[in-house]
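Just below is one structure, and these are the notes that go with it.
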Amino acid sequence: MNRTIAAALAVLILTSAGTAPAQTPVEFSGFVDAGWSGNLDRRDDAFTVNQAEVDVTRAWDEQGDLRLDLEWVHDGTIWTTALEQAWLSWRLPDRAAAVTLGKFNAPIGWELPDAPDMLQFSHGQLFTYCAPTNLTGLMFASPLGAAGCDLKVYAANGWDQDVESNGVKTFGGRLGWSVDGRGGLGLSVISGEDDPGQSIKRTVVDVDATFTPSERLTLGAEFSLGSLDDGATDAGWTGFMVMAHAKLNGTLGLTARFDTLDDADDAIFGAGAGQRRSSLTVAPVLALGEGMRALAELRLDMSDEDVFVDRDGAAKDATTSAAFTMTYGF
């Protein structure tokens, strides 16, 4: 049974159970994200459907929740179907703390994985290189008192590993603090194998911060400190990201992001030599109506080594890319 058929059967089973006693109906949501993107130096570009996703949720008697995210993504060659998330959550008797089992978005970092939750077309370097996107495992989450603090701790198969290959688990957690309407802080730690063979241990300490001084302005920042141990050598990296999103009026917004990643030991980029990469991204966004938006992006990537190439194959220390997308969420 292929993934598409299995996913479709899962949705049908959940839908057929929608009238079970003492349960809320199944709720469906999702989005389609399509557009154009290309590299201006290589002069390659294409129109693409970047991602389509259907999300299924259900809650019952305030005792638990279920979520299933089915996504279709083009990897540059073919369309692939995958479960981005698939988890069951049971609330403890106090209804505040919860235990989640399955596959869930990793609670680390500032940026979120899906287009409707992003303020730009591309992800920054810290999201791409320094942390997992999804984890498959067991997570405990609970608020801590009435001061806006919360805690999440988890054990998982590995960084973005759906199945286990050697029995060695990845462990991590996030301590968060938030103020309604003003933002918050988060401290995350994760340690475990992130390669397909699960033989290279990575440990990351990540700090994220959000500040909303007004309804029209959101400021964000993230810092990442990581290390790698493959049994023979130790390597490390540091990076940070800062961003600002301004709502210029009821329909138009503007986002600017700068990030830099110092990979002096060549632990992340694998370019054969240590380097420091930075990127500067600007993205205006236009609300087109209920649930729909258009977004343009211009991004400049820079390095202290000649690691980029142009259309003629000449090595460069910088490269520019652009994109335009439309996203509709339902």
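The values are calculated or read from the model by the stated rules, or taken from the named source; none is laboratory data. Just so you know, these numbers come straight off a predicted model, no measurement behind them. Cβ coordinates were reconstructed from backbone atoms using ideal geometry, including for glycine residues, and neighbour counts include every protein chain displayed. Quick note on the areas: whole protein, heavy atoms, side chains included, nothing else; ligands and nucleic acids left out. Shrake-Rupley method; radii C 1.70, N 1.55, O 1.52, S 1.80 Å.
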ask   = So how many residues does the stretch 145-156 have that are open to solvent by 20 Å² or more (accessible area, probe 1.4 Å) and touching a residue at least 24 places away in the same chain (Cβ under 8 Å)?
value = 6
task = Can you give me the ranges of the strands (runs of 3 or more DSSP E) entirely in the stretch 16-116 with at least 3 residues that are within 20 Å of Ala155 (Cα to Cα), open to solvent by 20 Å² or more (accessible area, probe 1.4 Å) and touching a Ser or Thr at 6+ places or on another chain (Cβ under 9 Å)?
result = 64-74, 79-91, 98-105
Where a residue in the stretch 187-200 is under 15 Å from Gly167 (Cβ atoms) and its partner, wherever it lies, is at pLDDT 70 or above and of a type in the set (Lys, Arg), with Cβ under 8 Å and at least six apart = Gly192/Lys169; Gly192/Lys201; Gly192/Arg202; Glu193/Lys201; Glu193/Arg202
task = Restrict the check to the stretch 209-224 and report whether at least one residue is among the acidic types (Asp, Glu) and more than 21 Å from the chain's Cα centre (by Cα).
result = yes
task = Would you confirm whether any residue within the stretch 174-185 is within 18 Å of the chain's Cα centre (by Cα), outside any strand (DSSP E or B) and on the phi > 0 side of the Ramachandran plot?
result = no
ask   = Does Gln161 qualify as being surrounded by 15 or more Cβ atoms within 10 Å (Cβ to Cβ), under 30 Å from Thr327 (Cα atoms) and at pLDDT 95 or above?
value = no
remark   = Going through the stretch 238-272 in order, the residues found to be at negative phi and among the charged types (D, E, K, R) are Lys247, Arg257, Asp259, Asp262, Asp263, Asp265
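Please go through the stretch 117-133 and give me each residue that is outside any helix (DSSP H, G or I), open to solvent by less than 30 Å² (accessible area, probe 1.4 Å) and under 25 Å from Ala156 (Cα atoms), ordered by number. Spell out how you get there, then give the answer.
Looking only at the stretch 117-133, we keep the residues that are outside any helix (DSSP H, G or I), and these are 118-124, 130-133.
Pick out the ones that are also open to solvent by less than 30 Å² (accessible area, probe 1.4 Å) and you get 118, 120, 122, 124, 130-132.
Gly124, Cys130, Ala131, Pro132, listed by residue number.
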ask   = Mind checking which residues of the stretch 227-257 are touching a Gly at 6+ places or on another chain (Cβ under 9 Å), small (Gly, Ala, Ser) and at pLDDT 95 or above?
value = Gly239, Ala244, Ala246
